[in-house]
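Notes follow once the structure below has been shown.
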Amino acid sequence: MTDYIQVQEISAVETYPLRHEVMWPNMPMDYIVLPNDEQGIHFGLFSNDTLIAVASLYIENNIAQFRKLATAIPEQGKGYGSQLLSHLIAYAKDKKVYKIWCNARTDKKEFYLKFGLEVTNIVFRKHEIDYVVMEKIIIPQK
């Protein structure tokens with residue numbers, strides 16, 4: 001049986017359980033709520049009507065940041081995160097966004113490189129996890 005995969009816009013609140021379970025399970029639920037969630041565009045990837053991956057996109061001044069890309073732990077490594085990130089990049093391009101970027105956990109850097117994101121020289125540490133800012137120019141400015 002083939003899975004029916006669909007990406008659609010969802011509410012910020014619908015992203016919270018996966019964000020929490022995958023990214024910060026040892027922190028309180030409030031920890032994964034972003035102050036600007038109401039301004040974001042939130043996406044869910046569904047397999048046979050089950051939400052298995054989420055990500056949030058924040059567009060400001062023609063630049064998009066994606067945050068909280070999370071795939072359910074039993075579903076990781078099956079390409080769902082890749083499908084969702086491809087959707088985000090296509091969505092941003094359709095919205096005429098110049099650049100898309102993220103704060104990538106350094107142990108996930110190779111994943112983002114596959115999508116044309118490049119490592120910047122901005123690195124930081126948060127709660128014992130190392131991050132690097134990665135970005136991709138989507139539509140070159142004239």
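Observations, loosely collected:
- Any chance I89 is free of Cβ contacts under 8 Å to residues at least 40 places away in the same chain, touching a strand residue (DSSP E or B) at 6+ places or on another chain (Cβ under 7 Å) and farther than 25 Å from H127 by Cβ: no
- Residues in the stretch 92-142 that are assigned to a strand (DSSP E or B) and β-branched (V, I, T): I100, V119, T120, I122, V123, I129, V132, V133, I137.
- Within the stretch 45-56, the set of residues being buried (at least 20 other Cβ atoms within 10 Å of the Cβ) and either small (G, A, S) or at positive phi (or both) comprises A53, A55, S56.
- Of all residues in the stretch 39-66, those that are outside any strand (DSSP E or B) have Cβ atoms under 9 Å from Cβ atoms of residues that are acidic (D, E), 6 or more apart or on another chain, in Q39/E60; N48/D3.
- Exactly one residue out of T50, T15 is under 14 Å from the mean Cα position of the chain (by Cα) and of a type in the set (S, T, N, Q), and it is T15.
- Among the conditions (1) assigned to a loop (DSSP other than H, G, I, E, B); (2) over 24 Å from V132 (Cβ atoms); (3) of a type outside the set (S, T, N, Q), the only one that G77 does not satisfy is (2).
- Residues that are acidic (D, E) and either touching an Asp or Glu at 6+ places or on another chain (Cβ under 9 Å) or assigned to a strand (DSSP E or B) (or both), drawn from the stretch 1-27: E9
- Selection status of G44, closer than 17 Å to S86 by Cβ and not basic (K, R): yes
Throughout, read-outs are computed from the coordinates displayed, never taken from laboratory work. These figures come from a predicted structure and were not determined experimentally. FYI the Cβ positions are ideal-geometry reconstructions off the backbone, even for glycines, and counts take in every protein chain you see.
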